[in-house]
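A short write-up of the structure that comes next.
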Amino acid sequence: MLKRWRRSLVLRVTVTIVALSMIIIWLIGSALYSQVSTGIFKEKLNVSIADATSTSRSTQLQLSIAQYQDKATVKMIINEILSVPSVSGSNSGREIALFPFPKNTSATNYRGTSNLMSPKSVADSFRTKTRAAKGPIWERTDILYLGGKIDHGIVVGNILEIPSAGKYEIYVLFSLSQQNATLTLIGRSLWLTGIVLTLLLGILSWLVLRQLIAPVRDAARIAEQLTAGDLDQRMDIRGEDEIARLGYAFNEMAVSLKQQISRLENLSRLQQRFVSDVSHELRTPLTTMRMASQVLYSAKDGFEPSVARSAELLASQIDRFEALLNDLLEVSRFDAEAAVMEIREVDFIALVREAIDYVHPSQERIIELHAPSEPIIVDVDPRRIQRILRNLLTNAIDHREEKTIDITIAQSEDAVSVGVRDYGVGFSNRDRSSLFERFWRADPSRARVRGGTGLGLSIAMEDAKLHQGKLEAWGLPSKGAHFVLTLPKFSGGTITSTPIQVIPRGDF
């Protein structure tokens, strides 16, 4: 599911829209529910206060008229007030309670409640407020019945003067059951409406996004096929809208890309053929030139000093030219995938020592070799490995700046590594990505002091890949460089661990 979430834009956008819709609908629904509930309560409160005030006034009027009659008449009026029919009470939610003032010393007591309502329905604190008030007051309360029934409601309190009995508190309580039922119905309707709206928004978003994303998905699929090399793939275009214009532009880009790749492939093939043909054609005159230079070089002792020096320069430059020609031939073999290896079982430490002796035969100790005492037997092409090692050692000597070069050999169960570490000029991060490119030089000027043809490291990398190995490089300006060659010990094997890390310890 997490993978689908990362890969599907339609799913992410749809879920986001649904989540935001739920939040917005919840906020709007909550505000609407709050306003409706407040309005219903205010309406009920106004009606309740008016009804309670009317009840108190009519009762007071009846009692005032009855003051000239006997107590039985007053008792009958009180009983009629408290005898609220139970059916009417359940429908209108109207109950009445009558309590004497605490300081009332009259022998006649008209205390009572309607429909077996508990006197505790009116809180003592509210009774105190009612006695101190100059008019009707109200508050929320719970209407309690002796049978255990409880209703939420409103109580309105007022003062009543009963002839020959003193002051009494009269309370009219109104149930909010109908209002609560109405609000419950409204709340459920709002929730149901919100859920339906959210589902509809989710479905609509899914359908619309699928229509919008489908062409983009097709473009991504075709782009992957173009990347894989199938340059004949094109988008299906319908209509003339923005998506259609995107399809036209994408197809035109694919056509242009195919033309450019074909042109570059043709150019690459021409360049490879040119390099191969020129390299082969130059070998014949080079052989003749080498024979002539050897004759001149062998007779240089009988020449004048300037002529003898010219013979030496001629021989050295022909050697250099032959090395360049061999590099070009090797590059053409790599391009033609015609490079062939001659695998033999050899001692890797002996190969490294031979390369050191070839590159630096003098007795000056500028190279320190750190290797195991026992031989390390590997299956490699000795000629190609020698070429890699000579190239790395030559570069290290050229850039060492009069400092020692450390060569380290280490092995694991299935691999062997050799690291060439110099402490000279090094290279920058910008140069790191170009080190193994063909014809790239650290010093590109024509009057350069360092750098050869720019093919050495490129050929070394190709030789390492032929052995299923790897060649890595690390360097920092003014801190030197570290090249690590790692090879599998056995032909056709793979590298599971690197015995020498390319980043030297202590540099980071």
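The values are calculated or read from the model by the stated rules, or taken from the named source; none is laboratory data. Computed from a prediction, not measured in an experiment: that's the story for all the values here. Note: ideal-geometry Cβ built from the backbone for every residue, glycine included; neighbour counts use all protein chains shown.
General remarks:
The rows are residues; the columns are (1) in a loop (DSSP other than H, G, I, E, B); (2) touching a strand residue (DSSP E or B) at 6+ places or on another chain (Cβ under 9 Å); (3) of a type outside the set (Phe, Trp, Tyr).
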| position | (1), (2), (3) |
| --- | --- |
| Ala50 | no, no, yes |
| Thr55 | no, yes, yes |
| Thr73 | no, no, yes |
| Leu98 | no, yes, yes |
| Asn109 | yes, yes, yes |
| Thr130 | no, yes, yes |
| Trp138 | no, yes, no |
| Leu144 | no, yes, yes |
| His152 | no, yes, yes |
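- Breaking point among (1) surrounded by fewer than 18 Cβ atoms within 10 Å (Cβ to Cβ); (2) in a loop (DSSP other than H, G, I, E, B); (3) under 37 Å from the mean Cα position of the chain (by Cα), for Ser491: (3)
- One residue alone among Val352, Val425 is more than 28 Å from Leu286 (Cα to Cα), outside any helix (DSSP H, G or I) and of a type outside the set (S, T, N, Q), and that residue is Val425.
- Residues within the range 463-487 that are in contact (Cβ under 8 Å) with a residue 60 or more places away in the chain and crowded, with 21+ Cβ neighbours inside 10 Å, tallied: 11
- Answer residue from the range 476-492, given it is in contact with a strand residue (DSSP E or B) (Cβ under 8 Å, 6 or more places away or on another chain) and of a type outside the set (A, V, I, L, M, F, W, C) and is modelled with the lowest pLDDT among those: Ser491
Conditions (1) over 30 Å from Ile23 (Cα atoms); (2) β-branched (Val, Ile, Thr); (3) touching a residue at least 40 places away in the same chain (Cβ under 8 Å); (4) surrounded by 15 or more Cβ atoms within 10 Å (Cβ to Cβ), marked per residue:
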position	(1), (2), (3), (4)
Leu204	no, no, no, no
Gln211	no, no, no, no
Leu226	yes, no, no, yes
Ile237	yes, yes, no, yes
Phe274	yes, no, no, no
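- Any hit, the range 400-410, residues being among the β-branched types (Val, Ile, Thr) and outside any strand (DSSP E or B): yes
- Enumeration of residues in the range 401-430 that are charged (D, E, K, R) and free of Cβ contacts under 8 Å to residues at least 40 places away in the same chain: Glu401, Glu402, Asp406, Arg430
- Residues in the range 159-179 that are more than 16 Å from Ala52 (Cα to Cα) and more than 60 Å from the chain's Cα centre (by Cα) were compared, and the one that is surrounded by the fewest Cβ atoms within 10 Å (Cβ to Cβ) is Ser164.
- Any chance Ser189 is hydroxyl-bearing (Ser, Thr, Tyr), out of contact with any Pro (no Cβ under 6 Å at 6 or more places or on another chain) and without any contact (Cβ under 8 Å) to a residue 24 or more places away in the chain: yes
- Whether a residue is within 46 Å of the chain's Cα centre (by Cα) and not acidic (Asp, Glu) was assessed, and Ile405 passes this test.
- Flag for Arg217 being touching a strand residue (DSSP E or B) at 6+ places or on another chain (Cβ under 7 Å) and of a type in the set (Lys, Arg): no
- All positions within the range 100-158 that are β-branched (Val, Ile, Thr) and either buried (at least 20 other Cβ atoms within 10 Å of the Cβ) or under 60 Å from the mean Cα position of the chain (by Cα) (or both): Thr113, Val122, Thr130, Thr141, Ile143, Ile150, Ile154, Val155, Val156
- With respect to the conditions (1) within 22 Å of Gln179 (Cα to Cα); (2) buried (at least 17 other Cβ atoms within 10 Å of the Cβ); (3) modelled with pLDDT under 90; (4) not hydrophobic (A, V, I, L, M, F, W, C), Asn91 falls short on a single one, namely (2).
- Positions within the range 431-445 being part of a loop (DSSP other than H, G, I, E, B) and either at pLDDT below 70 or of a type in the set (D, E, K, R) (or both), in sequence order: Glu437, Arg438, Arg441, Ala442, Asp443, Pro444, Ser445
- Only listed residue being in contact with a strand residue (DSSP E or B) (Cβ under 6 Å, 6 or more places away or on another chain), assigned by TED's automatic domain parsing to the domain that holds Ile459 and crowded, with 21+ Cβ neighbours inside 10 Å, chosen from Asp422, Asp379: Asp422
- Every residue from the range 57-71 that is loosely packed, with under 12 Cβ neighbours inside 10 Å and not in a helix (DSSP H, G or I): Asp70
- Failed item, numbered, when Glu337 is tested on (1) at pLDDT 75 or above; (2) at positive phi: (1)
- Members of the range 208-241 that are assigned to a loop (DSSP other than H, G, I, E, B) and of a type outside the set (D, E, K, R): Ala228, Gly229, Leu231, Gln233, Met235, Ile237, Gly239
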